Each structure stands twice: as structure tokens, then as C-alpha cells.
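J.: Dropping a structure here in C-alpha cells format, bear with me for questions.
The values are calculated or read from the model by the stated rules, or taken from the named source; none is laboratory data. Since we're looking at a predicted model, the values are computed, not measured. Note that each Cβ is placed from the backbone with ideal geometry, even for glycine, and that neighbours are counted across all protein chains shown.
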Amino acid sequence: MSTDSGDTPSSATDRREAVREKAQRVHVRQSRARLARRLSLGVLATGAVAAVAAVVVWSVTSTMGGRDLTPDTASSDGFAVSDVAGVSGDQGAIDDSAVEATPESDKAAPAPTASAAPVDIRVYVDYLSPGAREWQLANVDQLKTWVDEGAATLSYHPVSMLTAKSNGTKYSLRAAAAAACVATHDESVFFAYNTELLSRQPAMDTDGFSDTELADLAQAVGATDPDTVRSCIEDGDYIEWTKDATERAIAGIPDADGLQLAGTPMILVNGQPYMGALQDAAEFSQFVLTSASDKFYTDQTASPTPTPPAE
């Protein structure tokens, strides 16, 4: 009895080989698919880690307020005025009734002449301080004269004592950091910028100027490299430095007999604090002249002229 189904042994073997090859191809495709899925998951995981890292960096940077840089032109956390050009007595909002110019004259008071060395004037300034504004606008003309004639050296030390007084925008801190940017990258307009910030001072408990507007002011007073200055201000390059400088001043003023910064402005003349009326230019001028005279006679007493030997 025949049981022939039409299949020969060779054809059955061929079918089995075909099925095996097909299974192998399916296995290969599945292996490739699994590998592709693993690679995709790896890429996604790497991207997620990178995204988390970016968020962390952004959060830390936002908390810090900017890059942690130090202005290379600062000395004892202050900036010397090298150029007083471009500033006039009527700059900005100088027509404040509380500001008193030197009496009986539109000109600056006479420069100190008794001292052989220039008088050292240091100003610790918060750009949101009304007193700092009063003093600057009252004295800007005679400060220009003294610096021009070499009778005084003048430096400003930007600090941020009133950071909490601007609706959360930290204007005091940002303005001080902006001043550091101008002093570092375009010191020829630093005095003009300093005066502009004070003459156009926003009211306390308002937002103050934005970083863009602070950069615009630098350009308005004639910054010769406005792009660099703008980048420095808008990136907050000296925010952290300003915080640290303020803390150092509160801990102790260098070369000032143990004085500590307790409020602004603090004006030091040859290391001695000016305690007179901030808006009275004549009183400040007298203080400077007296300080110059005292220093002159102190120096003369400390270094008397040698007496020639008797013949």
C-alpha cells in the first residue's frame, strides 16, 4: 500500500531549510530592532541628563546673578577717575531744590593748594541712595576742577546696600555692577556714567532701570566700545564681585582707621569721613581744604627740613 504524499525527501529538506532561513532572518530583524530601541533609549536618556544638567546650570547661574568675574581695573574695590570730560553741572536732573551749589559763584570752589600731594577722595556709592545723589550733584563741578588740576585723586566704590528696595529687581546691585563694567571696559566715561546714574536715579521702591536701559545709558554718555560694555552689563559679569565688595566694605574700609561701611554715601578725604551736609558744596570744599592743610603740616612735622651742619 502506497503512502506517497507527493513529497520527496529532498523537497522536505528544502522546506525545512527555507523555514530555518526565514526564522534566522526574522531573528536578525528582531535583534536589530531591539538594538535600535536600546540606542534610541540611550540617546533619550543622554538628552534627558543633558537637559537636567542645563536646568541645574541655569538655576545656579540665576541664583548667582551672573558670571563670577573680577574687574581688573579695581583697586581696593574702587575705580579711579581718570577723565572728567563730558560732564556738566546741569547733567540729568540736577535742578533739585535740595542741592546747593557753591554760594555766590557758578564756578567750583578753589582747589586745595596747601598740600604737596593730591588730596585723596574716596566715595562709597549706592546708586539708589538719595544722599549719594545729593552729594554728587552738589559737588560735581568742584570735583571736576580738582581732578583736572591734579589737586585731588577721586575714586568711586560701587556698593549695593539697598538691593531690597526696588520691587525685587535688585536695581542697586545691578547698577553697581553696571558701573563696574563701564569702569573696566571704558574708564574714560566712568565719571560721566557715574554722574548719569545718580542724576537720573529712580525712586526707591520702584523697579529702576532694566539691564538694557543701563547699557543704553552707557552708550548715551559716549562709551567707545558699547558692545563690550552692553554684554558685560546684560550678562551680569560683576554681580558677584559687587556683592563681595559690599561685604568687604561692611567688614572694614581699607586705610580708614577701622571704619566700616554702615550706609551710603560714605565720603573719605585722606581717610577721614565727611560728616557735613551732603548738599552743601561749600562745606565739603572747606572740609577738603582743612584736610589738605592738616596733612601738609603733619607731613612737614614728620619730615622736618635737615639743618645744615655748623661750620
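J.: Inspect region 103-119 for any residue being among the β-branched types (V, I, T) and modelled with pLDDT of 65 or more and give the result as yes or no.
T.: yes
J.: Scan region 183-207 residue by residue and report those that are over 22 Å from D77 (Cβ atoms) and either in contact with a Ser or Thr (Cβ under 8 Å, 6 or more places away or on another chain) or assigned to a helix (DSSP H, G or I) (or both).
T.: S199, P202, M204, D205, T206, D207
J.: Checking A218 against (1) assigned to a helix (DSSP H, G or I); (2) touching an Asp or Glu at 6+ places or on another chain (Cβ under 6 Å), which single condition isn't satisfied?
T.: (2)
J.: Still on this model: If a residue must be hydroxyl-bearing (S, T, Y) and closer than 13 Å to D77 by Cα, how many such residues does region 239-264 contain?
T.: 2
J.: Inside region 221-244, can you point out the residues that are closer than 11 Å to H185 by Cβ and either assigned to a helix (DSSP H, G or I) or free of Cβ contacts under 8 Å to residues at least 60 places away in the same chain (or both)?
T.: Answer for region 221-244, where residues must be closer than 11 Å to H185 by Cβ and either assigned to a helix (DSSP H, G or I) or free of Cβ contacts under 8 Å to residues at least 60 places away in the same chain (or both): A223, T224, D225, P226, D227, T228, V229, R230, S231, C232, I233.
J.: Is it fair to say T224 is more than 19 Å from D77 (Cβ to Cβ), among the hydroxyl-bearing types (S, T, Y) and over 13 Å from the mean Cα position of the chain (by Cα)?
T.: Judged against the criteria, T224 is a match.
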